[in-house]
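Take a look at the structure below.
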Amino acid sequence: MLLNKEEQMSESYLVGILLAVVGGYLDAYTYVCRGQVFANAQTGNMVLLGIQLAQGNFFKALHYFVPIITFFAGIFFVELIKSRFKRNYTVHWRQIAIAIEFVALMVVAFLPGGRYDALAIILVSFVCSLQAQSFRKFNGNAYASTMCTGNLRSASEHFFRYCSSNKTEELKVGVKYLIIILFFISGAIIGCYLTKLYEIKSVLFSCMGLAMVFLLMIKKPQN
């Protein structure tokens, strides 16, 4: 019974908002002070990888190839955790994923800039892959907390459904998607501002959001 309740909390709208803020924050962090690489949106890195390959900059292409592979490995790792701990009634497998994210970002905060940026990007990409695969719904609606193209598509789709059917529920869901996007952008703004102030260690602020999510999943959801 406990597992079902934790699954409900993991799909709550509040958790979705908090993770969207963290997602936007981490993208800003890696771009501003870790070599202008997007740790969340691997599509952007794929485009930059292609550009570098086209220009013959094979060594620089690795700069964008590594986070792509790391993201891939992170998804595999989450599925491994899920298969091993899905029936664990003491701790939810998503809480394990959040705890790993927290520890990884703590390590990133103490990796010096420059020569260790590649390792930092690997760890942040790994964190984002764990988050993207572990938290994929809010209130039963599919979403992404580490990128927003899909969320924008879903928002537009629900607004169209509202215009076609005049169903208030469709409008409410569309608005919720837009709010998720706004919180993602807010996370990026906050991340940019704090990274310029605190540089490498500013990643620690994102740990606050993860800690809140972890604690929310302990709390029993209200009916």
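The values are calculated or read from the model by the stated rules, or taken from the named source; none is laboratory data. Since this is a predicted model, take the numbers as computed values, not measurements. Reconstructed Cβ throughout: ideal geometry from the backbone, glycine too, with neighbour counts over all protein chains shown. Side chains are part of the model used for accessible areas, which takes the heavy atoms of the whole protein and leaves out ligands, DNA and RNA. Shrake-Rupley method; radii C 1.70, N 1.55, O 1.52, S 1.80 Å.
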Qualifying positions in segment 127-146 - under 22 Å from Phe205 (Cβ atoms) and crowded, with 22+ Cβ neighbours inside 10 Å: Val127, Cys128, Ser129, Leu130, Gln131, Ser134, Phe135, Ala144, Ser145, Thr146
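Just a yes or no: is a residue in segment 67-75 among the small types (Gly, Ala, Ser) and touching a residue at least 24 places away in the same chain (Cβ under 8 Å)?
yes
Residue by residue, here is whether (1) farther than 21 Å from Phe205 by Cα; (2) open to solvent by less than 40 Å² (accessible area, probe 1.4 Å); (3) not polar (S, T, N, Q) holds:
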site	(1), (2), (3)
Asn57	yes, no, no
Leu62	yes, no, yes
Phe71	yes, yes, yes
Asn88	yes, no, no
Contacts under 9 angstrom Cβ, first residue in segment 186-198 being assigned to a helix (DSSP H, G or I), partner at pLDDT below 95 and among the acidic types (Asp, Glu), 6 or more apart: Gly187/Asp27; Ala188/Asp27; Gly191/Asp27
Where Val66 falls short, out of the listed (1) modelled with pLDDT under 90; (2) in a loop (DSSP other than H, G, I, E, B); (3) open to solvent by 30 Å² or more (accessible area, probe 1.4 Å): (2)
Total residues in segment 81-136, condition without any contact (Cβ under 8 Å) to a residue 12 or more places away in the chain, under 26 Å from Val32 (Cα atoms) and not in a helix (DSSP H, G or I): 3
Within segment 181-195, considering residues that are of a type outside the set (Phe, Trp, Tyr), open to solvent by 50 Å² or more (accessible area, probe 1.4 Å) and farther than 24 Å from Met217 by Cβ, the one farthest from the chain's Cα centre (by Cα): Ile189
Candidate set from segment 5-47 (those that are outside any helix (DSSP H, G or I) and without any contact (Cβ under 8 Å) to a residue 40 or more places away in the chain); member that is surrounded by the most Cβ atoms within 10 Å (Cβ to Cβ): Phe38
In segment 147-164, the residues that are closer than 30 Å to Lys82 by Cα, of a type outside the set (S, T, N, Q) and open to solvent by 30 Å² or more (accessible area, probe 1.4 Å): Met147, Gly150, Leu152, Arg153
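Residue check: is Lys219 modelled with pLDDT of 95 or more, charged (D, E, K, R) and under 28 Å from Ile96 (Cα atoms)? If you could, list the steps in order and put the result at the bottom.
Details: modelled with pLDDT of 95 or more: no; charged (D, E, K, R): yes; under 28 Å from Ile96 (Cα atoms): yes.
Against the criterion (modelled with pLDDT of 95 or more, charged (D, E, K, R) and under 28 Å from Ile96 (Cα atoms)), Lys219 does not qualify.
Any residue at all in segment 165-180 that is in contact with a helix residue (DSSP H, G or I) (Cβ under 6 Å, 6 or more places away or on another chain), in contact (Cβ under 8 Å) with a residue 60 or more places away in the chain and either among the hydrophobic types (A, V, I, L, M, F, W, C) or surrounded by 15 or more Cβ atoms within 10 Å (Cβ to Cβ) (or both)?
Here is the first cut: in segment 165-180, the residues in contact with a helix residue (DSSP H, G or I) (Cβ under 6 Å, 6 or more places away or on another chain) are 170-171, 173-174, 177-178, 180.
If we keep only those that are in contact (Cβ under 8 Å) with a residue 60 or more places away in the chain as well, we get 180.
Okay, now just the ones that are also either among the hydrophobic types (A, V, I, L, M, F, W, C) or surrounded by 15 or more Cβ atoms within 10 Å (Cβ to Cβ) (or both), so 180.
So far as segment 165-180 goes, yes, one or more of its residues are in contact with a helix residue (DSSP H, G or I) (Cβ under 6 Å, 6 or more places away or on another chain), in contact (Cβ under 8 Å) with a residue 60 or more places away in the chain and either among the hydrophobic types (A, V, I, L, M, F, W, C) or surrounded by 15 or more Cβ atoms within 10 Å (Cβ to Cβ) (or both).
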Qualifying positions in segment 170-223 - within 18 Å of Ala109 (Cα to Cα) and small (Gly, Ala, Ser): Gly187, Ala188, Gly191, Ser202, Ser206, Gly209, Ala211
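For every residue, the table says whether it meets (1) within 19 Å of Val203 (Cβ to Cβ); (2) surrounded by fewer than 21 Cβ atoms within 10 Å (Cβ to Cβ); (3) over 18 Å from the mean Cα position of the chain (by Cα).
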| residue | (1), (2), (3) |
| --- | --- |
| Arg84 | no, yes, yes |
| Pro112 | yes, yes, yes |
| Ile122 | yes, yes, no |
| Ser125 | yes, no, no |
Test for Ile51: is it open to solvent by 40 Å² or more (accessible area, probe 1.4 Å), β-branched (Val, Ile, Thr) and over 15 Å from the mean Cα position of the chain (by Cα): yes
